[in-house]
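A.B. asks: So that we are looking at the same thing, I have put the structure below in structure tokens.
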Amino acid sequence: MRSEKFGTTRAGETVTRHTLVRDSLRVQVIDYGAVVTAIEIADRDGRVANVVLALDTVEGYETVSPHFGAIAGRFANRIANGRFTLDGETYALPINAPPNTMHGGPHGFAKRLWQVADADETRLVLRRRSPDGEEGFPGNLDVAVVYSLPEAGMLRIDYRAVTDRPTVVNLTNHSYFNLAGEGTGDVMDHVVAVFADAYAPTDATQIPTGVLAPVANTPFDFRDPTILGARIREGHEQIVLAGGYDHAFALRGPAGTLRPAASCHCPASGRRLEVATTQPALQLYSGNNLDGALVGPTGRTYRSGDGVCFETQGFPDAPNHPSFPSAVLRPGETFASTTTYRFSVM
């Protein structure tokens, strides 16, 4: 594996960038936030581009990054009002997406330096201990994330976590994909499928109501491949509330088994992405909050809709919704999930 200095944090920590390569697929990961900074693949004409949005400095990832490529945790997505109750005890978390907690708080896993436990040309193991009380969460949580290239055209992410006290866990990778290449404009022409028959409507603060609603006859029906932007300007209440797509879909099939979650195809480049996961849900996010203030490595600004996220995870606010699959992890148990991203050209 090739490893090189990427920069230095404000606390003086050295951040290293690691490069994984198998055949024509190249993936770069930094140990700050366990961030995927590049996934480089060729289009149908052989032109190579990075297909995830990124920043080119550590400072950017520390201060302004909207979780580009990062591991979100200890609890990815939102927790209502920054509070949950576990075994009769209520825990208060910092509010960083008023009135809610988002992606584990302002100093969640995306803002921490991870340690390299193992590495070779096609595999990188990153670990960290989230101490008891970090961002308000109970228990010492030992986490490992494994990035690997097990076969041509595939990036695999394996997550593992154990705890010494009952806690809640929800981990995901927050990459923003643009299969035309980062910085080339919006992804509204990408053709997307999501293998789900229901989604989770939210309230005005984007907290799930607890109901799973059928996608049929709504802009959330991606059961057949559909142009991402085809219905994003419809006046559906849920689209208006989120400014686009930012919703959890209940994936078909039993959680814990690796099964298809989503696909995405860019007609202009021919690149195709297929996502599979063991997780129960997928958050489809259409990059609604990108506002042109961030500049990518190619020197182009990122605006609303310039990337699409396929965040495989548990359901948002699961600790406050008994009807959702449990996000509780107890001593003696292991949190384990796998997500794969298969790239091809058509």
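A.B. asks: So what are the ³J(HN,Hα) numbers for region 124-135, from phi and the Karplus equation (6.51, -1.76, 1.60; θ = phi - 60°), rounded to whole Hz, Gly and Pro as x?
C.D. replies: 9, 10, 10, 10, 7, 9, 8, x, 3, x, 4, 6
A.B. asks: For residue 5, put the label point 7 Å out on the Cα→Cβ axis and report which residues of region 103-123 keep their amide N under 19 Å from it.
C.D. replies: So the set is 113-116.
A.B. asks: On to the next question. Name the long-range amide H neighbours of residue 170: under 5 Å, sequence gap of 5 or more, or other chain; modelled H, no Pro or chain starts.
C.D. replies: Under 5 Å from the amide H of residue 170: 75, 76.
A.B. asks: Sticking with this one: Hey, if we sort 323, 344 by accessible area with the 1.4 Å probe, largest down, what's the order?
C.D. replies: Result of the area sort, largest leading: 323, 344.
A.B. asks: What are the residues whose amide H is under 5 Å from the amide H of residue 8, where those residues sit 5 or more places off or on another chain and H is modelled from the backbone?
C.D. replies: Distant-sequence amide H within range of residue 8: 15, 58.
A.B. asks: Here's a follow-up. Please work out whether region 165-320 counts as rounded, prolate or oblate from its C-alpha gyration tensor, where a ≥ b ≥ c are the square roots of the eigenvalues and a/c under 1.5 means rounded, while otherwise a/b larger than b/c means prolate and anything else oblate?
C.D. replies: rounded
A.B. asks: So how exposed is residue 245, as accessible area in Å² (1.4 Å probe, rounded to 10)?
C.D. replies: Taking all protein chains as shown, residue 245 has close to 0 Å².
A.B. asks: Provide the solvent-accessible area of residue 102, counting protein heavy atoms only and rolling a 1.4 Å probe, rounded to the nearest 10 Å².
C.D. replies: 30 Å²
A.B. asks: Per DSSP helix of 4 or more residues, -39500 (n - 2.57); summed, then divided by the residues of the chain. What does that give at 222 nm, rounded to the nearest 500?
C.D. replies: Helices in the chain give a 222 nm mean residue ellipticity of -1000 deg cm²/dmol.
A.B. asks: Any idea what Rg and Dmax come out to for region 65-117 if you just take the C-alpha atoms, in Å?
C.D. replies: 12.2, 37
A.B. asks: Then there is this: Relative to the compact globular guide of 2.2 N^0.38 Å, what is the alpha carbon radius of gyration of the chain, as a ratio?
C.D. replies: Dividing the Cα Rg of the chain by 2.2 N^0.38 Å gives 0.92.
A.B. asks: So how do 13, 121 rank on accessible area, 1.4 Å probe, biggest first, that is with the largest at the start?
C.D. replies: Of 13, 121, the descending order of accessible area is 121, 13.
A.B. asks: Also: Could you tell me the calculated FRET efficiency between residue 288 and residue 107, based on Cβ-Cβ distance and R0 = 35 angstrom, to the nearest 0.05?
C.D. replies: The pair residue 288/residue 107 has a calculated efficiency of 0.90.
A.B. asks: Of 111, 5, which has the most accessible area and how do the rest follow, probe 1.4 Å?
C.D. replies: Largest to smallest exposure gives the sequence 5, 111.
A.B. asks: Probe radius 1.4 Å, ligands and nucleic acids ignored: give me the carbon and sulfur share of the accessible area of the chain as a rounded percent.
C.D. replies: The C+S portion of the solvent-accessible surface of the chain is 48 percent.
A.B. asks: Let me ask you something else. Mind listing the long-range amide H neighbours of residue 195? Cut-off is under 5 Å, sequence gap 5 or more, other chains count too, H placed in the peptide plane at 1.01 Å from N.
C.D. replies: Result for residue 195 returns 262.
A.B. asks: Rounded to the nearest 0.05, what FRET efficiency is calculated for residue 47 and residue 23 with R0 set to 22 Å and r the Cβ-Cβ distance?
C.D. replies: Approximately 0.85, to the nearest 0.05.
A.B. asks: Using a 10 Å cut-off on Cβ atoms, rank the peptides 293-301, 236-244 from the highest mean neighbour count down.
C.D. replies: In descending order of packing, they fall as 236-244, 293-301.
A.B. asks: Follow-up question, since we're still on this one. Points 7 angstrom from Cα along the Cβ direction at residue 237 and residue 59: gap in nanometres?
C.D. replies: 4.6 nm
A.B. asks: For Cα pairs less than 8 Å apart in space and 6+ apart in sequence, what is the mean separation divided by the residue count of the chain, i.e. the relative contact order in percent?
C.D. replies: Worked out over the chain, it gives 18 percent.
A.B. asks: Further question on the same structure: Alpha carbon centre of region 85-123 versus region 297-329: separation in Å?
C.D. replies: The distance from the Cα centre of region 85-123 to that of region 297-329 comes to 13 Å.
A.B. asks: How much accessible surface does residue 227 have with a 1.4 Å probe, in Å² rounded to 10?
C.D. replies: 90 Å²
A.B. asks: In addition: Just how far, in whole angstrom, is region 140-207 from region 1-73 if you go by their alpha carbon centroids?
C.D. replies: Distance between centres, Cα-based: 16 Å.
The values are calculated or read from the model by the stated rules, or taken from the named source; none is laboratory data. Keep in mind the model is a prediction, meaning the values are calculated, not measured. Neighbour counts are summed over all protein chains in view; Cβ atoms, including those assigned to glycine, are modelled from backbone coordinates with ideal geometry. When the accessible area is computed, the model is the full protein with side chains, heavy atoms only, and any ligands, DNA or RNA have been set aside. Shrake-Rupley method; radii C 1.70, N 1.55, O 1.52, S 1.80 Å.
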